[in-house]
Amino acid sequence: MDIPLRLFIVGALLATNGFFVAAEFALVTARKTRIDALAARGNRSARAILKALEDPNRFISICQLGITMASLALGWIGEETVASLLEAPLAVVLPTNVAGVTSHALAIPFAFAIITFLHISLGEQLPKMIALQLGEATALWTVGPTNLVGVVFRPFIALLYGFIDVLLKLLGLRWEAEHHQAYSVDDLKALIRSTRRGAATADDSENIAERALDFSALHARQVMVPRTEMVAVPSEVSLSRLGELMRLHEHSRYPVYEGSPDNITGIISAKHLVAILSVPGSDEGPFDVRRYMSPPLFIPEAMPAHRLLAELKTQRSHLAIVVDEYGATAGIVSLRDLLDRIAGEVRDEAEAEAPEVQWLSDGSALVDGLALLSDIQEEFHIKLSDVDYDTLGGFVFGRLGRRPAVGDSVEVATYRFAIEEV
């Protein structure tokens, strides 16, 4: 076989190796949403990709078969071809008495190094980078030829499958039905932060995206206003007293209960109270709050926050009553509470509530006892092992083993949490 033909075969084998590497990486990096859209418009290659995704192990086995065959052939033909090209130049620079044997001996390791370099750069890394950056486009033009190779080598692939299946059973393992990557919340946050493109601080969109990821892990009991902090009114409340409560707390809605807060019967809106109080002499006659209240929405404290948000939207309600496993009132949660968790708290000039964590000039921090443990861990970069508590107050209570008092403190890692106010 002459040298030009051998060089052509080496180039073809490098291209074949690169093709199957690109096909494999393209299948696992292509965005399924885009492939679905193309398939819906009748794209045959997109439909073939979706079919391959149903059994990705088979498709990847075809790619691995192509890569292995191309690599073996490249090592067999390429090394010999490059070595024969190097023998003549080496013979010129070597002493005459040793040129023949020595030039051949030196040509082999040089050829090996050159073929390895070409194999890694052109046959592996370059196609891999193309597939990672152009996943959908690469998958569309590689899926057809790859499936054709799968048809040609179907008996061998079936034999390969059977052999691997036996080995997996001996190891107590099994085939995975799907090829996928599972990302943790921290992985996704790191991915979001990698899009800053050199910016030192996060922008609003990044903060919202990270809060949305945190939101997906929350439950109703973690976002509610606890029973001890909620403002509820008895059903026999007078209009004047109701007006005082509204001016004092400035909430938009108030739960109404019969007997005790464990028996909430409705929700009264401040909007209705304003309309009633604006009528002269309205506070002089009899007043029955039950005439103006709407039915309450009850939800379990274990309900995921994202489902709670959907439920409030479906029921067109702005307030839900959170109940524990015994049916007792655990607290309330508003639509605004949930949206604040995603978009961040937005307060107007009339709201003077302090943030959950206030850093002081001496390096210490003033922390709200109702702050979530997950938020505290992220803010202070510490790991709190107690998973039985949702809030910092509950954590401190559990560590003390009794009701906290001013001056009490607990130490965690290098931090000391001291009680300043109860």
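Key figures
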item: Local electrostatic count at Cys63 - Lys and Arg +1, Asp and Glu -1, tallied over other residues with Cβ under 14 Å; result: -1
item: Within straight-line cross-link reach of Lys32, lysines at Cα separation under 27 Å, skipping those fewer than 8 residues along the same chain; result: Lys51, Lys128, Lys189
item: Cβ-defined net charge surrounding Ile264, 13 Å radius [Lys, Arg +1; Asp, Glu -1]; result: +1
item: Convex hull (Cα only) mean projected area of region 357-418, reported in nm² to one decimal; result: 4.2 nm²
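Readers should treat all values here as calculations from the given coordinates under stated rules, not as data from a laboratory. Please read these numbers as outputs of a predicted model, since none were measured by experiment. Reconstructed Cβ throughout: ideal geometry from the backbone, glycine too, with neighbour counts over all protein chains shown.
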